[in-house]
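**Student:** Dumping the structure here so I can ask a few things about it.
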Amino acid sequence: MINQVLPGIYRIEVPLPNNPLKATNSWLIRGEKRNLLVDTGFNTEVSREAMDHGLHELGIKMENTDLFVTHLHSDHSGLVNHLATPETTVWMSEADGQVVAESRESFHWGMFNEFLIVSGLVDSGVENDFTKHPGYRFASEVYERFNLVNEGFEITAGDYRFRCVATPGHTPGHMCLYDPEKKLLLSGDHILGKITPNITAWNFNTDVLGQYLQSLDKIARLDIDTVLPGHRYVITDCQGRIEELRKHHRARLDNVLDIIGSQTMNTTQVASRMRWDLSFKKWEDFPWGQKLFASGEAMSHLYHLTVKGELEMSLENEIAWFSKK
């Protein structure tokens with residue numbers, strides 16, 4: 001589906017088959033000489049056909065269109081290799097661009113096998129096979145010609161002058177585009193309406209939830225009227241939505257502390273007792289991918305509480321265990 005949301009800006013809705021997110025919003029900003037396309041969708045036939053149809057309907061050719069990818073996840077980067085021509089400039093942050101440029105046999109994917117063990121998922125009977133990860137299955141073919149950008153880099157497209165704003169948390173190199181004159185933010189998965197961005201910790205290198213909350217504060221300081229997110233609908237109350245997201249994570253942190261109580265628990269045990277807005281009634285019914293993402297989200301909250309000094313963590317038989325101090 002294609003619709004115009006602002007002067008010169010169109011949404012191409014790219015379906016994500018068999019995925020609870022349903023679709024990725026790919027934003028096309030039309031320019032006189034060059035256009036800008038933000039985010040792409042999975043590397044699947046259904047996503048490719050929807051993207052190709054949308055570009056054709058808008059009369060867009062990739063030879064005079066550049067790409068900006070907000071972050072590494074395959075529902076945003078999967079079609080980069082399919083879309084990019086020799087004339088296309090593809091912008092992405094250094095941290096996330098390096099991952100997309102790696103092969104599927106890289107360390108990035110191997111770390112999921114380690115997570116499946118340290119989280120307690122394998123111990124609970126979950127198959128230790130990272131190739132089941134949708135991001136792995138629907139990733140772009142290797143693409144190495146990224147123009148790596150940092151905070152403050154400017155991209156002009158049509159009547160819009162965007163500034164890159166680093167917002168790590170959802171991924172290490174997540175980046176938004178902000179036009180201060182138009183008070184417009186293209187938020188990727190940093191800020192979404194109704195659904196909450198998945199904040200996952202796959203290891204203990206970084207307090208990703210703390211990082212995400214700091215990035216929310218950073219965006220809250222900007223003057224924004226309209227947010228064009230990576231999924232679902234346009235947001236017209238950015239400050240209100242940021243406060244909702246803060247409250248969500250405060251409630252989730254309290255929920256984790258209540259679950260642990262006086263016990264010592266691993267990540268999977270906590271995740272299986274947390275409240276999830278999913279159609280599955282029992283943890284046992286969660287598919288492999290949903291157990292992975294739920295446990296990654298639980299881990300980010302457990303590790304954040306550990307960094308804050310409210311929990312302590314120990315390792316036993318390669319599994320991380322958490323208890324109150």
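Bear in mind these aren't lab numbers, they're just calculated from the coordinates by the rules spelled out. Keep in mind it's a predicted model, so treat the numbers as computed, not measured. Cβ coordinates were reconstructed from backbone atoms using ideal geometry, including for glycine residues, and neighbour counts include every protein chain displayed.
**Student:** Subtract the Cα-Cα distance of Glu154 and Arg137 from 0.36 nm times their separation in residues, and report this length gain in nm to one decimal.
**Tutor:** Extra length from Glu154 to Arg137 when fully extended: 2.9 nm.
**Student:** To the nearest 20 debye, what is the magnitude of the charge dipole of the stretch 2-324 about its Cα centre, counting +1 on the Cβ of each Lys and Arg and -1 on the Cβ of each Asp and Glu?
**Tutor:** That gives a dipole near 760 debye.
**Student:** Can you list the residues of the stretch 169-194 with backbone N under 13 Å from a point 7 Å past the Cα of Arg161, pointing along Cα to Cβ?
**Tutor:** Within reach of a label on Arg161, which here means backbone N under 13 Å from a point 7 Å along Cα→Cβ, the stretch 169-194 contributes 179-183.
**Student:** Next up: Order of Met299, Met111, Met265, Met1 from fewest to most other C-beta atoms within 10 Å?
**Tutor:** Met1, Met111, Met265, Met299
**Student:** Sticking with this one: Modelled label-to-label distance, Glu45 and Trp288, 7 Å Cα→beta-carbon offset: nm?
**Tutor:** 2.2 nm
**Student:** Could you sort the peptides 51-63, 80-92 by per-residue average Cβ neighbour count (10 Å cutoff), highest mean leading?
**Tutor:** Top to bottom by mean Cβ count within 10 Å: 80-92, 51-63.
**Student:** In the chain, with Lys and Arg counted as +1 and Asp and Glu as -1 at Cβ, which of these residues, Val46, His133, Leu184, has the Cα nearest the positive end of the dipole, that is, farthest along it?
**Tutor:** My answer, from the dipole projection, is Leu184.
**Student:** In nanometres, what is the gap between the two model label sites at Phe204 and Asn255, each 7 Å from Cα along Cα-to-Cβ?
**Tutor:** Reported label-point gap for Phe204 and Asn255 is 2.5 nm.
**Student:** Moving on to the next point. In whole angstrom, how far apart do the alpha carbon centroids of the stretch 25-61 and the stretch 158-227 sit?
**Tutor:** Result: 22 Å between the Cα centres.
**Student:** Which residues in the stretch 260-278 have a backbone N closer than 11 Å to a point placed 7 Å from the Cα of Ser323 along the Cα-to-Cβ line?
**Tutor:** It comes to 262-265, nothing else.
**Student:** Also, quick follow-up: Go through the stretch 290-305 residue by residue and turn each phi into a ³J(HN,Hα) via Karplus (6.51, -1.76, 1.60, θ = phi - 60°); whole Hz please, and just put x for glycine and proline.
**Tutor:** 5, 5, 4, 5, 5, 5, x, 5, 4, 4, 4, 6, 4, 6, 4, 5
**Student:** Can I ask one more? Principal axis lengths of the chain from Cα atoms, whole Å, largest first?
**Tutor:** Between the extreme Cα coordinates on each principal axis of the chain lie 63, 39, 34 Å.
**Student:** Tell me the angle of helix 238-260 to the major Cα principal axis of the chain, expressed in degrees between 0 and 90 and rounded to the nearest ten.
**Tutor:** Approximately 20 degrees, to the nearest ten.
**Student:** Can you find, among Leu79, Ala95, Thr156, the residue farthest towards the positive end of the dipole of the chain? Put +1 on the C-beta of Lys and Arg, -1 on that of Asp and Glu.
**Tutor:** Checked the options; the winner is Thr156.
**Student:** A further question follows. For the pairs Lys183/Lys281; Lys132/Lys324; Lys132/Lys194; Lys281/Lys324, flag any whose C-alpha to C-alpha distance is greater than 32 Å.
**Tutor:** The pairs that break the limit, which is 32 Å between Cα atoms, are Lys183/Lys281; Lys132/Lys324.
**Student:** Within the P(r) computed for the stretch 214-271, what percentage of the Cα pairs occupies the region above 14 Å?
**Tutor:** 66 percent
**Student:** Turning to a different aspect of this structure: Can you show me the helix-derived [θ] at 222 nm for the chain, built from DSSP H runs with n ≥ 4 at -39,500 (n - 2.57) apiece and divided by the number of residues, rounded to the nearest 500.
**Tutor:** Theoretical 222 nm ellipticity from helices: -10000 deg cm²/dmol.
**Student:** Note down the nm distance, to one decimal, between modelled labels 7 Å out along Cα→Cβ at Asp217 and at Glu181.
**Tutor:** 3.2 nm
**Student:** Excluding residues fewer than 8 places away in the same chain, name every one of the lysines whose C-alpha is closer than 21 Å to that of Lys182.
**Tutor:** Straight-distance partners of Lys182: Lys33, Lys218.
**Student:** Residues of the stretch 10-27 with backbone nitrogen within less than 17 Å of a virtual label 7 Å along the Cα-to-Cβ line of Gln4, please, listed as ranges.
**Tutor:** Of the residues in the stretch 10-27, 10-13, 27 have backbone N under 17 Å from the label point off Gln4.
**Student:** For an R0 of 25 angstrom, estimate the FRET efficiency from the Cβ-Cβ distance between Glu63 and Asn147 and round to the nearest 0.05.
**Tutor:** Efficiency for this residue pair is about 0.90.
**Student:** A follow-up question, please. With θ set to phi - 60°, apply the Karplus curve 6.51 cos²θ - 1.76 cosθ + 1.60 along the stretch 146-158 and write out the HN-Hα couplings as whole Hz, x wherever there is a Gly or Pro.
**Tutor:** Per-residue couplings from phi come out as 6, 8, 7, 10, 10, 3, x, 4, 10, 10, 9, 8, x Hz.
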